[in-house]
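These notes are about the structure you will find just below.
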Amino acid sequence: MPVGGLRSFTAVSATADNMNYHWNWSIFFELSPDGVHTYLQTLFIGTWWTLATALSAWVIALVLGSLVGVIRTLPHAGLVRLSNAYVELFRNIPLLVQMFLWYFVLPELVPKPIGMWLKQMPAASFFTAMVCLGLYTSARVAEQVKAGIQSLPSGQRMAGLAVGLTLPQTYRYVLLPMAYRIILPPLTSEFLNIIKNSAVGLTIGLVELTAAARSMQEFSFQVFEAFTGAMVIYIAINVVIVGSMRYLERWLAVPGYVGLGQPAAMH
Amino acid sequence: MFSNFDWDVIIRSLPYLFFDGMRFTCTLTVLATTGGIVLGTFLALMRLSGIAPLSILAGSYVDLMRSMPLVLVIFWFYFLVPYIGQWMTDASQPIRVGPFWSSLITFMMFEAAYFCEIVRAGIQSIPRGQSNAAMALGLTRAQSLGYIILPQAFRNMIPVLLTQTIILFQDTSLVYVLSITDFLGAASKVAQRDGRLVEMYLFAAAVYFVISFSASQLVRMLQQRLAVVR
């Protein structure tokens, strides 16, 4: 049963029975049970999987989220309702439950041959986590894209149509370039969220950074060193992304539009 | 497609799912929200205090919590809390902390960082003139906070605080990584015992959806009513 969460808790009681915690920072340079990599290297491999999962899921989230977000602002009641339902569906089910639905439930619901193919796929937990995170985040991106487009004065859409642009052209040349600039800060926090949320992949067996730290803790009994290592790497990733997004914001800024309504970046 | 499914397994396990599982989930959500808001308000007041050591301390705590995945924070506190308990009670051994207290402390500490940012934005949304007027009337700083600023700020914040509570409700499912019997944990235990993963996980998803969706619709209605009053 590939459930990462239901492991034995012998490691816990073993450390908890010690009178005092024994720090050993050199543990990072000792060989891990795989016999090839040091513990530090296993954390770096975990980091690689975290970034690979988050980045590929981000591509899905950005493409689908933009599509759904744009549809939510179109003058077509049926499509708007459909895309609203999409967003509500993905926002109101916990990410962990969605992960289980994709990993355990989907292969049983599709026709048998496809189900078999899904179950036997190499790196199944990576692809599952990628699709699950991508769709989950796409609903949140859609929310931001919609808010960005709606924050533009309605005169922009009217002016675009009045000068003879088609509706797709109005979106492509008038609305979206401004909307994306406005929602850059909340999109940054969604990107940080997708990196953090990729840790949920450990429940379906994806050995990303948190899982790598967890397994280091289980084998080496150095609980706090392992989690400190992971924490430091997460902070470093955060700092790099926040820094480069600030730079990108400045680079993309339209002169004279600095103070244009900035939707609050909530969570 | 659903012909060989055993929906009866849900009926049979309903008491376990709701009396054991959902009760844990709801208790954890309510207590963690309450504690998180109290702690978050203190953090926000520290950040806005204008006293450099306090605001730097609160600011770094918030940034630290917000840069880590919740799963990692759950692991951190699960192992850390026994040692903190030992240190606080001067015991000779790390204190044994049950799964309930461990997860309650985790969620309170983690969500406090998010509540802090909400409360901070709420306080900053109150025009400066209000606290100036309170000072001019001769109220102390504490009085102006307690009688003038916070009541208005919290009124403005209610919808966002409730939305964050719905997020917290969904996030509590992550205690699964500690094998705790919350609602999802209960569903997952039945699922594995009876080999009925599909039925149980679909049912769990439906229950979470119904609760979160209705709650968010209520928040939306409340938001409209509050907006009219203001």
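Under a point-charge model restricted to the Cβ atoms of Lys and Arg (+1) and Asp and Glu (-1), what is the dipole moment magnitude of chain A relative to its Cα centre, in debye to the nearest 20?
1060 debye
Across every pair of non-identical alpha carbons in the stretch A:33-252, the mean reciprocal distance, once inverted, gives a Kirkwood radius of 19.4 Å. The Kirkwood radius of the stretch B:10-144, taken over pairs of alpha-carbon atoms, gives through the Stokes-Einstein law at 25 °C and 0.890 mPa s a diffusion coefficient of 141 µm² s⁻¹.
Partners of B:Lys189 within straight-line reach, counting lysines whose Cα lies under 29 Å from its Cα and excluding those fewer than 8 residues away in the same chain: A:Lys112, A:Lys119, A:Lys196.
Taking the empirical scaling 2.2 N^0.38 Å for compact globular proteins as reference, the protein assembly as shown has a Cα radius of gyration ratio of 1.04.
Across the options A:Pro122, A:Gly35, A:Met245, the greatest Cα extent toward the positive end of the charge dipole of chain A (unit charges at beta carbon of Lys, Arg, Asp, Glu) belongs to A:Met245. Within the listed set B:Ala142, B:Ala134, B:Ala44, the Gaussian network model of chain B (springs between alpha-carbon atoms below 10 Å) gives the highest mean-square fluctuation for B:Ala142. Each of B:Ser102, B:Ser92, B:Gln143 was placed along the dipole of the stretch B:75-156 (beta-carbon charges, centred on the mean Cα), and the one lying farthest toward the positive end is B:Gln143.
Counting only other chains, and only Cβ atoms inside 10 Å, what mean value do you get across the residues of A:220-231? Each step should come with its number before you reach the end.
On the way: counts 0, 0, 0, 6, 4, 0, 2, 8, 1, 0, 5, 7.
If you average over the peptide's residues, the count of other-chain Cβ atoms is 3.
Using alpha carbons only, how many degrees (0 to 90, rounded to 10) separate the axis of helix A:124-150 from the longest principal axis of chain A? Tilt of helix A:124-150: around 30 degrees. Put simply, when B:24-30, B:69-75 are sorted by average Cβ atoms within 10 angstrom per residue, most first, you get B:69-75, B:24-30.
For the stretch B:141-230, the convex hull spanned by the alpha carbon atoms encloses 97 Å³ per residue. For the Cα atoms of chain A, what angle does the longest principal axis make with the long axis of helix A:77-91, in degrees from 0 to 90, nearest 10? Long axis of A:77-91 versus the principal axis of chain A: about 20 degrees.
Per-residue mean of foreign Cβ neighbours for B:72-82 is 5 (Cβ atoms of other chains, 10 Å radius).
Going by Cα centres, the stretch A:191-256 and the stretch A:82-161 are how many Å apart? Taking the Cα centre of each part, the stretch A:191-256 and the stretch A:82-161 sit 22 Å apart. The order of the peptides A:215-221, B:167-173, A:26-32 by mean Cβ neighbours within 10 Å, most packed first, is B:167-173, A:215-221, A:26-32. Taken residue by residue and averaged, Cβ atoms of other chains lying within 10 Å of the Cβ of B:106-118 number 1.
Taking the charge dipole of the protein assembly as shown about its Cα centre, with +1 at Lys and Arg Cβ atoms and -1 at Asp and Glu Cβ atoms, the residue from B:Phe5, B:Phe169, A:Val105 reaching farthest to the positive side is B:Phe169. The C-alpha atoms of chain B define a longest principal axis, and helix B:197-229 lies at about 30 degrees to it. Ellipticity at 222 nm from helices only: DSSP H runs of n ≥ 4 in the protein assembly as shown, each -39500 (n - 2.57), divided by the residue count, give -23000 deg cm²/dmol. For the protein assembly as shown, a crude dipole built from +1 on the beta carbon of Lys and Arg and -1 on the beta carbon of Asp and Glu, taken about the Cα centre, is about 1620 debye to the nearest 20.
If you wrap a convex hull around the C-alpha atoms of the stretch B:1-68 and split its volume per residue, what is the figure in Å³? Can you show the working numbers first?
Numbers: hull volume 8.3 nm³, N = 68.
Cα convex hull per residue, to the nearest whole number: 122 Å³.
Remark: relative contact order (chain A) = 28 percent; criterion is Cα-Cα distance under 8 angstrom and separation of 6 or more residues. Place a point 7 Å from Cα of B:Ile84 in the direction of its Cβ. Which residues in the stretch B:106-136 have their backbone N less than 19 Å from it? Residues B:106-117 qualify, since their backbone N sits under 19 Å from the label point.
Neighbour counts of other C-beta atoms within 10 Å: give me B:Phe100, B:Phe19 arranged from fewest to most.
Fewest to most other Cβ atoms nearby, the residues stand as B:Phe19, B:Phe100.
Using a cut-off of 17 Å between alpha-carbon atoms, which aspartates and glutamates can reach A:Lys146, once sequence neighbours fewer than 8 places away in the same chain are excluded? Within reach: A:Glu88, A:Glu190. Given their separation in residues at 0.36 nm each and the Cα-Cα distance between them, A:Ala162 and A:Arg181 gain 4.5 nm when the chain is fully extended.
Rule-based calculations on the coordinates, nothing more; no lab input. In this text the structure is predicted, and so the values were computed from the model without any measurement. Reconstructed Cβ throughout: ideal geometry from the backbone, glycine too, with neighbour counts over all protein chains shown.
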